[in-house]
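What follows is calculated from the coordinates using simple rules that are stated; it is not laboratory data. Predicted, not measured: the structure shown is a model, and the values here were computed from it. Glycine gets a Cβ as well: all are built from the backbone with ideal geometry, and neighbour counts include every protein chain shown.
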Amino acid sequence: MGFNVEDIRAQFPILSRKINDKPLAYLDNAASAQKPLAVINALKDQMGTSFANVHRGLHTMANETTEAYEGARTKVAKFLGAPKPDNIVFTRGATEALNLAAYGLAHTIEAGDEIILSQMEHHSNIVPWHFLRERKGAVLKFVPVLDNGELDLDALKSMLSSKTKIVSLVHMSNVLGTINPIADIAPWVKAVGAVFVVDGTQAAVHMPINVVDLGVDFFCMTGHKLYGPTGIGALYGNAEMLEILLPFNGGGEMIEDVFESHVTYNDPPHKFEAGTPPILEAIGLGAAIDWYSQFDPKDVHQHEMAVYYHALDGLRDINSFKLIGDAPNKGSVLSFNLEGAHAHDVAQILDKYGIAVRAGQHCTQPLMTRLGIHSTARASFGIYNTLDEAERLVAGVKKAAHFLS
Amino acid sequence: MDLAENIQSMLDDFAFLGDWEERYMHVIDMGKQLESLPDALKVEANKVKGCVSQVWLITSYDADKNTLIFKGDSDAHIVKGLVAIVLEIYSQRSPLDITKMDAEPILNQLGLAEHLSPQRSNGLRAMIGRIQAEASARL
């Protein structure tokens, strides 16, 4: 299907909202994206026409709902290029996916084993590994970030050794926009026999993903940044790794048989989905993937980067403007600071003009420390943003610079 | 209670201001005019919790006059302006006067309450809560 941003915008009811009497310019997509009618209606239709609990149902609606839920798993698998739907574990989001990977691999870690992360990780890809440091004596090592926002790949290579048990890296940074060369890194990780976990929260929204081509063991994604509902995400695991992974939620659905003396477990992925799953959210994610898949990812990327560069060109005219993250290979995340002004001030003033951006540390304190800054303002562009919105951002930031100078 | 002269004068200043842009500019100016705290005082113990940006507040007591003196600072311009306003309202008053003083109607009159995001106003509330606690402890 061709790419027409006005047609796309028309499918998002919320985008016609006014904020402070100004048309909404929603530039906070890296935090969460808005939802198209296709997703809103999918949830409404499911609730309004066919809903029941999933699996082992013996009535019509239980079967229909199970088909829709498992259908969503198939869609996620296809979207990520996973060999089979069974490679996909539904989680509450990417955070839970990363926590499941960390918890489930804990039994493979002994004191002194090394886990390699990077300085650009989101806290959700740091804290679960700190648990393994605290509880198992793992040693965490952080790959440095270069001044332009790229990962120091030479440093990464030199950090890998036979002590390395897990490498967990972000595919696309939520602050810098940097896209890390995951497919290049994967063979280095394999060469030392470590498990490769990738946080694909942002990447899954901005580029085509094929987990097999990437050569990763685990890949985490979330639904709400992909124009789907909150409360749903996925952990891709290759078949071998899902056998090694231990579950961290016990309960119904994840078992085969329960005795007083012991338990036998269901097969992956159900082994990791205890209790009633987020059924509607999963179906909504499936609808979001269907909706998103009608576009050519190249068209989406090209459009988002056109908006990004249009904004960046205008912002560079502001004397106090400083771009944070200028890697050659990056997505449509524009982090910046105005010299002498606090990012919170900038965001609050932009809001008065109807422009929604995020400001703060973006759950990346080690990155802020590395860059020697306290916070950034961040405009992040999605499929429905326009060149006009980029111009409004520039005008708003100019105003803020004037107010705050 | 009659409003103190400095508060009335602050209200008069704001009364001349028009849209939010002018109000924000004025708040930012008030922040700029507020003397910064030395870095040595910007420590964890003086930090006001519940603010999205960093806010520090220090208190001293003048026993001769029976007044509490507050000083504050923030790393964000708009918030520092709000700190300046809060200090106008509360600083250099007796503990009893402070506990009787309600800042909300004043902030409403300044036309600022509605411009503050919930997180920001929580920060403001936290600041006022801390001032009130200091005053109550002196009663």
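For the stretch A:163-198, the set of trypsin sites (Lys or Arg not before Pro) satisfying both a DSSP loop assignment and a count of at most 16 other C-beta atoms within 10 Å is given as A:Lys163. Rounded to the nearest 20, the size of the Cβ-charge dipole of the stretch A:40-292 about its Cα centre is 240 debye, with Lys and Arg at +1 and Asp and Glu at -1. For the protein assembly as shown, the antiparallel share of DSSP beta bridges with both residues in that region comes to about 65%.
With the highest mean first, a sort of the peptides B:7-14, A:365-372, A:277-284 on other beta-carbon atoms found within 10 angstrom per residue produces A:277-284, A:365-372, B:7-14. May I ask you to list the lysines whose Cα is less than 19 Å away from that of A:Lys35, ignoring any residue fewer than eight positions away on the same chain? List returned: A:Lys18, A:Lys44, A:Lys75, A:Lys225. Taking the charge dipole of the protein assembly as shown about its Cα centre, with +1 at Lys and Arg Cβ atoms and -1 at Asp and Glu Cβ atoms, the residue from A:Gly340, A:Pro144, A:Ala359 reaching farthest to the positive side is A:Pro144. Ordering B:Ile69, A:Ala203, A:His310 by the projection of their Cα atoms onto the charge dipole of the protein assembly as shown, which places +1 on the Cβ of Lys and Arg and -1 on the Cβ of Asp and Glu, puts B:Ile69 at the extreme positive end. Above 41 Å, the calculated P(r) of chain A contains 16 percent of its Cα-Cα pairs. Sparsely packed loop sites in the stretch B:16-94 (the GluC sites (Glu not before Pro) outside DSSP H, G, I, E and B with at most 14 other Cβ atoms within 10 Å) comprise B:Glu35. Note on B:Val43, B:Val48, A:Val346, A:Val192: ascending count of other Cβ atoms within 10 Å places them as B:Val43, A:Val192, B:Val48, A:Val346, the fewest first. Helices in chain A, meaning DSSP H runs of at least 4 residues, each add -39500 (n - 2.57). Divided by all residues, the mean residue ellipticity at 222 nm is -12000 deg cm²/dmol.
Placing +1 on the Cβ of every Lys and Arg and -1 on the Cβ of every Asp and Glu, with nothing else charged, gives the stretch A:118-202 a dipole about its Cα centre of roughly 560 debye.
The Cα center of the stretch A:69-104 and the Cα center of the stretch A:299-367 differ in position by 31 Å. Across peptide A:343-351, the average count of Cβ atoms from other chains found within 10 Å of a residue's Cβ is 6. If you take the Cα centroid of the stretch A:238-267 and the Cα centroid of the stretch A:179-236, the two points sit 24 Å apart. Taken over the stretch A:294-361, the ratio of Cα radius of gyration to 2.2 N^0.38 Å equals 1.24.
In this label model, B:Gln92 and A:Ala38 are separated by 6.5 nm, measuring between points 7 Å along each Cα→Cβ vector. Counting only other chain Cβ atoms within 10 Å of each residue's Cβ, the peptide A:364-375 averages 1.
When each full DSSP H helix of chain B is screened for a Cα extent of at least 18 Å along its own axis and an average Kyte-Doolittle hydropathy of at least 0.5, the helices passing are B:77-90. Could you tell me which residue out of A:Thr376, B:Ala84, A:Ser16 lies farthest along the dipole of the protein assembly as shown toward its positive end? Charges go on the beta carbon: Lys and Arg +1, Asp and Glu -1, centred on the Cα centre. The one lying farthest along the dipole's positive direction is B:Ala84. Packing, taken as the mean count of other beta carbons within 10 Å per residue, orders the peptides A:381-391, B:57-67, A:195-205 from highest to lowest as A:195-205, A:381-391, B:57-67. Net charge dipole, the protein assembly as shown: roughly 380 debye, given to the nearest 20, about the Cα centre with Cβ charges of +1 for Lys and Arg and -1 for Asp and Glu. Charge tally for B:Gln54 (other residues, Cβ to Cβ under 9 Å; Lys, Arg +1; Asp, Glu -1): 0.
Normalised by the number of residues in chain A, the mean separation of alpha-carbon contacts (under 8 Å, six or more apart) gives a relative contact order of 23 percent. Listed peptides A:266-275, A:393-402, A:15-24 appear in the order A:393-402, A:266-275, A:15-24 once ranked by packing, highest mean of other Cβ atoms within 10 Å at the front.
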